[in-house]
Number of protein chains: 4
Amino acid sequence: MSVAQPKENQYTGSPLLKRLAITWLERRGVTLDDIASLVYEVQRKYIPHLTMAACRESVERVLEKREVQNAIFTGIAIDELAEKGLLDEPLYTMLKNDDGLYGIDEILALSIVNIYGSIGFTNFGYLDKVKPGIIGVVNGQKNEKVNTFLDDLVAAVAAAASSRLAHRDRDGLL
Amino acid sequence: MSVAQPKENQYTGSPLLKRLAITWLERRGVTLDDIASLVYEVQRKYIPHLTMAACRESVERVLEKREVQNAIFTGIAIDELAEKGLLDEPLYTMLKNDDGLYGIDEILALSIVNIYGSIGFTNFGYLDKVKPGIIGVVNGQKNEKVNTFLDDLVAAVAAAASSRLAHRDRDGLL
Amino acid sequence: MSVAQPKENQYTGSPLLKRLAITWLERRGVTLDDIASLVYEVQRKYIPHLTMAACRESVERVLEKREVQNAIFTGIAIDELAEKGLLDEPLYTMLKNDDGLYGIDEILALSIVNIYGSIGFTNFGYLDKVKPGIIGVVNGQKNEKVNTFLDDLVAAVAAAASSRLAHRDRDGLL
Amino acid sequence: MSVAQPKENQYTGSPLLKRLAITWLERRGVTLDDIASLVYEVQRKYIPHLTMAACRESVERVLEKREVQNAIFTGIAIDELAEKGLLDEPLYTMLKNDDGLYGIDEILALSIVNIYGSIGFTNFGYLDKVKPGIIGVVNGQKNEKVNTFLDDLVAAVAAAASSRLAHRDRDGLL
């Protein structure tokens with residue numbers, strides 16, 4: 001019965017898929033708070049009254065989107081298959097070495113950033129270059145693990161959550 | 001007073017900007033019902049219980065997004081400036097002739113389609129090629145008017161509204 | 001010794017990677033001529049003097065681009081891993097059923113189309129919707145095989161090769 | 001006479017359009033050397049043997065692409081029309097103030113970055129955030145001028161030229 005279906009839930013994937021996406025990120029060493037703190041770092045100079053709670057809530061909302069969930073499932077699956085040696089060449093070596101010319105990791109990340117509009121591109125590029133917080137941690141594990149997609153996915157979710165906050169702040173909703 | 005601020009309103013631009021975007025489209029000869037009927041045509045084979053009212057509502061929701069509004073304002077402004085002869089060469093001739101290699105009209109359209117995820121690309125391309133309904137009408141006026149951006153904007157709004165319906169139908173919200 | 005390195009080869013990946021990409025496509029049942037004939041169908045009404053040889057050559061050039069090769073390797077790898085049952089849920093079921101809301105297949109395809117500019121979006125969408133030639137064949141095999149990425153990759157290579165021909169024709173090079 | 005038409009010229013717009021694009025940039029205070037020096041700054045840590053001459057040549061090549069030229073003509077035209085007060089509201093105020101939520105400037109920039117593949121996104125975002133060299137200069141003129149599109153266009157050309165160099169270096173062509 002779908003009587004009290006909340007409006008919030010519109011085109012956002014099921015709660016189960018959101019929980020799964022969070023579990024997959026945690027399995028790779030990334031928590032919601034790790035991402036929320038990237039959002040806080042990026043947005044606090046634009047929104048002086050920003051709180052960590054608002055950042056965390058924004059990350060949660062981004063993770064409700066089906067497109068975001070699918071990018072996370074796909075990217076992490078590829079990282080893990082590379083780690084297990086289940087990918088054929090020439091893909092295996094490109095992923096294992098996080099080849100700077102590979103580019104498909106950025107493509108998946110862009111599909112996340114796009115969801116809240118083009119203003120997120122700048123924040124994504126900045127996070128991907130400077131690698132603050134958890135992005136640097138994940139990037140530093142590249143000897144033991146394959147995190148070729150993971151660092152871009154995390155930067156993209158943080159960039160999208162930042163864009164969402166910028167829009168909400170303008171609309172007087174923060 | 002912002003007590004009862006509806007959640008629906010999140011990151012969606014002000015109601016004023018939405019009304020303005022609709023006015024700009026109407027000034028160029030395109031109504032919400034014109035776009036809704038493109039959505040109906042594209043989606044009814046996937047969603048048998050689809051109604052025109054649901055299509056119309058979906059178009060309205062797409063037009064609440066700030067990114068969509070900005071693409072509409074910018075594209076229509078360029079069409080109208082070309083019509084008035086206020087653009088320098090080589091831009092003027094490319095726009096006047098709807099040069100097939102111009103491409104910036106498709107770029108603006110993509111920024112609209114992206115908002116509801118990549119599943120909209122296919123519908124956008126199809127509408128842009130086949131030019132049903134109002135898209136064909138607008139395209140046929142190219143002797144008297146400059147509609148280089150307008151037809152792509154309309155196809156993009158229809159494609160985005162179709163994607164939104166596909167997501168909502170999956171979530172049991174239609 | 002690299003003295004006579006042809007200019008043609010610039011930023012286009014090694015010949016080995018191109019051959020590998022062609023092999024991967026053939027392994028999934030798609031030949032260069034299959035793709036060339038999609039290009040011919042799409043472009044011949046715009047370029048009356050178009051030949052199949054020019055279409056075939058354009059497809060070959062698209063396949064020299066590293067970004068295109070990487071999208072092909074990644075997409076086909078995922079299709080094959082799904083076929084072998086090596087992907088976890090919820091990814092497995094989405095790929096197995098070519099879920100219309102998955103969207104990551106279109107994202108990879110767009111990264112191919114982008115290489116020759118935004119004019120390719122329309123052709124991509126049209127091919128993806130109408131499914132002529134090999135795209136329909138590949139799509140019809142979805143009971144036995146997983147071709148979720150393959151059909152979009154093929155449509156994207158054909159759309160990119162079409163865009164390239166449109167640019168070359170304008171420049172008087174066809 | 002077109003006998004010795006160089007292969008280099010393929011799908012790259014006419015030399016006239018390239019010269020025009022350079023003239024438009026110079027009219028707004030940006031020289032090829034300004035952009036080349038951004039490229040040098042971004043890429044020299046990845047390519048130790050990089051020269052300014054190679055950076056300059058890479059910028060020139062990017063400017064031969066029709067999609068890039070069209071983005072430059074369109075973006076600069078909008079900046080100048082805003083400066084002359086020829087744009088209607090609400091567009092005028094958004095452009096005059098370089099509204100952070102406008103987003104269409106980033107969209108045009110992306111169409112430039114895309115030409116050399118997704119690896120350019122990171123460099124674009126970084127340049128757009130940190131605003132080194134000419135980007136900072138252009139951005140600092142925003143009281144007297146409207147440079148809403150210009151700074152993103154310059155960052156995008158520099159990012160694309162950087163991607164091109166990364167690809168060429170891998171292919172042993174630098």
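Here, each number is a calculation from the coordinates, and none is a lab measurement. Because the structure is predicted, anything quoted here is derived from the model rather than measured. Ideal geometry is used to build each Cβ from the backbone, glycine not excepted, and the neighbour counts take in all protein chains shown.
Could you give the C-alpha radius of gyration of region C:14-170 expressed as a fraction of 2.2 N^0.38 Å, taking N as the number of residues it contains?
Values: Rg = 14.9 Å, N = 157, 2.2 N^0.38 = 15.0 Å.
Against the compact-globule rule of thumb, the ratio is 0.99.
Return the average number of partner chain Cβ atoms within 10 angstrom of each residue Cβ along peptide B:82-93.
Values: counts 1, 0, 1, 0, 4, 6, 7, 2, 10, 7, 2, 0.
Mean shielding by partner chains, rounded to a whole number: 3.
Summing Cβ point charges (Lys, Arg +1; Asp, Glu -1) relative to the Cα centre of the protein assembly as shown gives a dipole of roughly 0 debye.
Calculate the dipole size of region A:23-170 relative to its Cα centre from +1 charges on Lys and Arg beta carbons and -1 charges on Asp and Glu beta carbons; express the result in debye to the nearest 20. For region A:23-170, the charge dipole is close to 600 debye. Distances from C:Gly172 to itself in the other copies, using label points 7 Å out along the Cα-Cβ axis, amount to 3.7, 6.1, 6.5 nm in increasing order.
Are any of the pairs A:Lys18/A:Lys145; A:Lys131/D:Lys45; A:Lys131/C:Lys96; A:Lys96/A:Lys131; B:Lys45/C:Lys142; D:Lys45/D:Lys96 more than 26 Å apart by Cα-Cα distance, and if so, which? Over 26 Å apart, Cα to Cα: A:Lys131/C:Lys96; D:Lys45/D:Lys96. Mean per-residue shielding of peptide C:68-80 is 5, counting Cβ atoms of other chains within 10 Å of each Cβ. Rounded to the nearest 0.05, what FRET efficiency is calculated for D:Lys142 and B:Ala53 with R0 set to 41 Å and r the Cβ-Cβ distance? Once rounded, the FRET efficiency stands at 0.35. For region A:97-110, backbone phi angles converted through the Karplus equation (6.51, -1.76, 1.60; θ = phi - 60°) give residue-by-residue couplings of 9, 6, 3, x, 9, 5, x, 6, 5, 5, 4, 4, 4, 4 Hz, Gly and Pro being listed as x.
Across the residues of A:162-174, average count of Cβ atoms on other protein chains within 10 Å? Working shown, then result.
Numbers: counts 0, 5, 2, 1, 3, 8, 4, 2, 7, 10, 4, 7, 0.
Taking all residues of A:162-174 together, the mean is 4.
I need the fraction of alpha carbon pairs in the protein assembly as shown separated by more than 41 Å, rounded to a whole percent. Counting every Cα pair in the protein assembly as shown, those more than 41 Å apart make up 21 percent. Compare C:Ala71, C:Ala53, C:Ala159 in a GNM of chain C, Cα atoms joined below 10 Å, and give the one with the largest fluctuation. Comparing C:Ala71, C:Ala53, C:Ala159 in a Gaussian network model of chain C, the most mobile one is C:Ala53.
If you average the sequence gap of Cα pairs under 8 Å that are 6 or more apart and divide by the length of region D:25-137, what percent do you get for the contact order?
On the way: 62 pairs, mean separation 30.8, N = 113.
Value for region D:25-137: 27 percent.
Exposure proxy ranking for D:Ile112, D:Ile119, A:Ile104, based on other Cβ atoms within 10 angstrom of each Cβ and starting from the fewest, stands as D:Ile119, A:Ile104, D:Ile112. Here the Karplus relation 6.51 cos²θ - 1.76 cosθ + 1.60, evaluated at θ = phi - 60°, turns the backbone of region B:162-174 into coupling constants of 5, 4, 4, 5, 4, 5, 5, 5, 4, 7, x, 9, 10 Hz, with x for every Gly and Pro. Placing unit charges on each Cβ (+1 for Lys and Arg, -1 for Asp and Glu) gives chain C a dipole about its Cα centre, and among C:Pro132, C:Met94, C:Cys55 the Cα reaching farthest toward its positive end belongs to C:Cys55.
Note on chain C: dipole from Cβ charges, positive end direction compared against C:Ala82, C:Trp24, C:Ser118; the farthest Cα belongs to C:Ser118.
With the simple spin-label model, which puts each label point 7 Å out from Cα in the Cβ direction, the D:Asp33 to B:Glu60 separation comes to 5.9 nm.
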